[in-house]
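The values are calculated or read from the model by the stated rules, or taken from the named source; none is laboratory data. No experiment lies behind these values; they were computed from the predicted model shown. Please note: Cβ atoms are built from the backbone with ideal geometry, for glycine as well, and neighbour counts cover all protein chains shown.
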Amino acid sequence: MTLNPWRLRLLSQLDALGTVRAVAQAANLSASSVSQQLAVLESETRTQLLERTGRRVRLTSAGLILARRARSILDQMDAVEAELRDLSQEPSGLIRLGGFQSSIHTLAVPAIQRLGHPHLHVELVELEPHASMPALLAGEVDVIITTTDFVELPVPQDIDVVPLGQDPIVLVTPPNHPAADIGHCKDEPWAFDIPGSYMANLATRLCRQAGFEPRVVGRFSNYMLTLKHVEAGLAVAVLPALAVDRRFDVVTKELPVTRRITAAVRRGSRAAITVVLDALHTRSQSDERVTR
């Protein structure tokens, strides 16, 4: 029996993502192509890996075993390929790093700039916290920067989580704004993240705890647009401290709320991944916005 690594990866993604359609989107394939490849994998293994329940497909007991073993198999293959590319033990190969928006330019980019390994290449992928752990489990990325709000407990046994620090949540106002806290902003226009997002829900909750319903005049998924809106005097906002770019002329006031930032990798990851993880940890220790 010969196992095809590409088909194993599709099976592993099905276990992590739950549906053939989600796997197809992640792999940039059609749903029918994914189904055909999984059928070939069943033929190769001479084992029923999938079963239909209505319009959905789920893994059989054998399918679950193979999908979860596949993660380890694929990681080992990646490690061997990296070792063979450079016998001098210099960290090498491609590492896929996923992180939420504000962690990309404050933690990930500076960490990558200081790696100093010419044969080590890092591909950055923007992933919101709720999507990062499934992507790591599916093998779509090798390292993630996420927050504990979106790390399910207990953490899967094959995942190692490394604390990076705490990111204070801040009230952001234009220069010379008199507000001392959220309660003083009840009559102000507000800039929010998109509906249903972590920050939009948090900002709404903090305003309601202060006794008012915020008047939202702008919704932006990009923190730079939010900061520009605030800088222009058109709104106030609640943001993570890491999201506040120093190039904008705004004032921040810490609120009694923080979010914990963590990195995570699959257990037994190759040396090159550890190098990236160490660089992220070093960078987080040097950014004064990240508290310990």
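For this structure, a couple of remarks:
- From the list 29, 8, 3, the one residue that fits, being assigned to a loop (DSSP other than H, G, I, E, B) and in contact (Cβ under 8 Å) with a residue 60 or more places away in the chain, is 3.
- From the list 240, 175, the one residue that fits, being surrounded by fewer than 13 Cβ atoms within 10 Å (Cβ to Cβ) and in contact with an Asp or Glu (Cβ under 9 Å, 6 or more places away or on another chain), is 175.
- Counted residues, segment 241-268 - those being under 12 Å from residue 226 (Cα atoms) and of a type outside the set (A, V, I, L, M, F, W, C): 1
- Matching residues in segment 159-183 - criterion: being in contact with a Gly (Cβ under 9 Å, 6 or more places away or on another chain) and under 17 Å from residue 255 (Cβ atoms): 177, 183
- Single residue of segment 115-142 satisfying the filter (surrounded by 22 or more Cβ atoms within 10 Å (Cβ to Cβ) and of a type in the set (Gly, Ala, Ser)) that is modelled with the lowest pLDDT: 138
- Qualifying residue in segment 160-170 (condition: at pLDDT below 90 and more than 24 Å from residue 76 (Cβ to Cβ)): no
- Some residue of segment 198-210 being within 20 Å of residue 261 (Cα to Cα) and among the hydroxyl-bearing types (Ser, Thr, Tyr): yes
- Just one of the listed residues (145, 159, 112, 182) is closer than 24 Å to residue 67 by Cβ, of a type in the set (Val, Ile, Thr) and either in contact with a helix residue (DSSP H, G or I) (Cβ under 9 Å, 6 or more places away or on another chain) or surrounded by 15 or more Cβ atoms within 10 Å (Cβ to Cβ) (or both), and it is 159.
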